Amino acid sequence: MANDKNFKVKNGLSATRYLQSGSALGYSDVDVSSGSYFTKTLTANTTLTFSNPPASGVGSSFALEIIGADVAVGYDLANAAYSNKMINLSTTAQDMEGIFFKPDGLTFYALTRKNADSVKQYSLTTAWDISTCSTTATSSITVQTQNNSMEGLFFKPDGTKMYLAGNYPNQEVYEYDLSTAWDLSTASYNSVSVDVSANAVPWDVIFKPDGTKMYLADSNYVEEYSLSTAWDITSATHTVRSSAFSTIGGNTNVTALAFNADGSKMFAGSATGGRISEYDLTTAYDVSTLQTSTVDYYVTSADASFTDIGAIFFGDGAGKMYLSWRGTGKVYQFTTEASTPATITYPSSVKWSGATTPDAPAGGEKDVYAFVTTDGGTTYYGKQAGDAVA
């Protein structure tokens, strides 16, 4: 136990941050030269490294004690549930076609077609709790001059650009600049747009997080575009039309899209039936690799009449999902969070007894592992020496 200080956390991050990214975020190094017994209490999915082994031909062994932890995982559509929280903004934001949150969860944006197409900004008194959203907009920008039927809303991750998808009379994506990040009162149309009519009648627009790909919901398809210059929609080139949703899960009339954090899953919401479907992608962010949907969630659990989904947004580390009801000013909040044991990724040099990597310990459980090397760390032989020890 005296050598615990040598089991270093290089970049330990909280379970909340893990939930947001959906990937391994704890990085820990065992300095083999510094002792023979090391301990670690997990707080997140963790990748291990073993450093400073002895020279080849000199034997070295050490034991590693790990106490497991449960971490929160978002985007869990299979276990989604209505949170009994909603907001009705119909007095100022009727017919919401797009929704978005600032990353701190305290500012909400709505694309509405009440009177004239506009984007409105609202404040929440409690982060990510939609029921605390003010019904009075703090700022607004009219976008009807660009298009009479705006259908999708997306912000660049730094809040300096906003994108809208126009459906009628022109099928175009429009770009707006915000001179102060996330402050809609500083937003203005920068006269940049891209005509997508050759490939899509867009109902929603989303981007890959690095801005090199753009995706449009096109009723029964997703249209994928590559951007040769990140976030510059004038550099967009159409590259992929996905398989029809009706043939890979039965969903149709898709008007809302979202990806999980690493692009391995896509979520599609329908304007009929109140259905959200989850699709795996064998290649991240490549919609040509969409697999047949195996998970569906029906939002009628929130309201039996709620069948027409306008937009999807995952927030609070993807532990919450927000859906707008087209034709109304209502936004509903759902939980999409699960708890699972933190995982351990061992060095590729480890060869396990029985050729099977042992499961990580459950939350609060203590397991002990033994490792031996004789070739300077090229190969470590590992064995679970204790399971759920006291």
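The values are calculated or read from the model by the stated rules, or taken from the named source; none is laboratory data. All figures in this text were calculated on a predicted structure; none of them were measured in a lab. FYI the Cβ positions are ideal-geometry reconstructions off the backbone, even for glycines, and counts take in every protein chain you see. All accessible areas refer to the heavy atoms of the entire protein, side chains included, with ligands and DNA or RNA removed. Shrake-Rupley method; radii C 1.70, N 1.55, O 1.52, S 1.80 Å.
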Vicinal HN-Hα couplings computed from phi for the stretch 27-41 (Karplus, 6.51 cos²θ - 1.76 cosθ + 1.60; Hz; Gly/Pro x): 10, 9, 10, 9, 7, 4, 6, 9, x, 10, 9, 10, 10, 8, 9
Amide H contacts under 5 Å for Lys161, placed H, 5+ residues apart: Lys156, Leu178
The stretch 323-390 and the stretch 52-99: distance between their alpha carbon centers, rounded to Å: 13
Calculated FRET efficiency for the pair Thr272/Asp210, C-beta based, R₀ 25 Å, to 0.05: 0.15
Carbon plus sulfur fraction of accessible area for the chain, probe 1.4 Å, in percent: 47
Amide H contacts of Val350 (H built 1.01 Å from N, under 5 Å, at least 5 apart or other chain): Tyr380
Two-site label geometry, Ser191 and Thr292: point separation in nm, points 7 Å out along Cα→Cβ: 5.2
Residues with amide H under 5 Å from that of Lys265, placed H, sequence gap 5 or more: Asn260, Leu281
Linear extension gain, Asp158 paired with Gln94, 0.36 nm per residue minus alpha-carbon span: 20.3 nm
Derived scalar couplings ³J(HN,Hα) [the stretch 86-103; Karplus, 6.51 cos²θ - 1.76 cosθ + 1.60; whole Hz; x for Gly, Pro]: 7, 9, 10, 9, 4, 6, 10, 9, 6, 6, 7, 9, x, 9, 7, 10, 5, x
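If R0 is 51 Å, what FRET efficiency do you get for Thr125 and Thr343 from their C-beta distance, rounded to 0.05?
Numbers: r = 36 Å, r/R0 = 0.71.
Rounded to the nearest 0.05, the efficiency is 0.90.
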For the stretch 109-226: accessible area per residue (Å², 1.4 Å): 35
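So if we plug the beta-carbon distance of Ser305 and Thr135 into 1/(1 + (r/R0)^6) with R0 = 22 Å, what FRET efficiency do we get, rounded to 0.05?
Numbers: r = 21 Å, r/R0 = 0.95.
For R0 = 22 Å, the calculated efficiency reads 0.55.
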For the stretch 167-174, 3J(HN,Hα) per residue [Karplus equation, 6.51 cos²θ - 1.76 cosθ + 1.60, θ = phi - 60°, Hz, x = Gly/Pro]: 9, 7, x, 10, 9, 9, 10, 10
Cα→Cβ-extended label distance, 7 Å offset, between Asp375 and Ile67, nm: 3.6
Spacing of the two label points (7 Å from each Cα toward its C-beta) at Ser51 and Ser33, in nm: 1.1
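Per the helix-only calculation at 222 nm, which mean residue ellipticity applies to the chain, given -39500 (n - 2.57) for every DSSP H run of n ≥ 4 and division by its residues, nearest 500 deg cm²/dmol?
On the way: 1 runs with 7 residues, N = 390.
Calculated mean residue ellipticity at 222 nm is -500 deg cm²/dmol.
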Cβ crowding within 10 Å averaged over residues, with 341-351, 103-113 ranked highest first: 103-113, 341-351
Surface accessible to a 1.4 Å probe, Asp232 within the full protein complex, Å²: 50
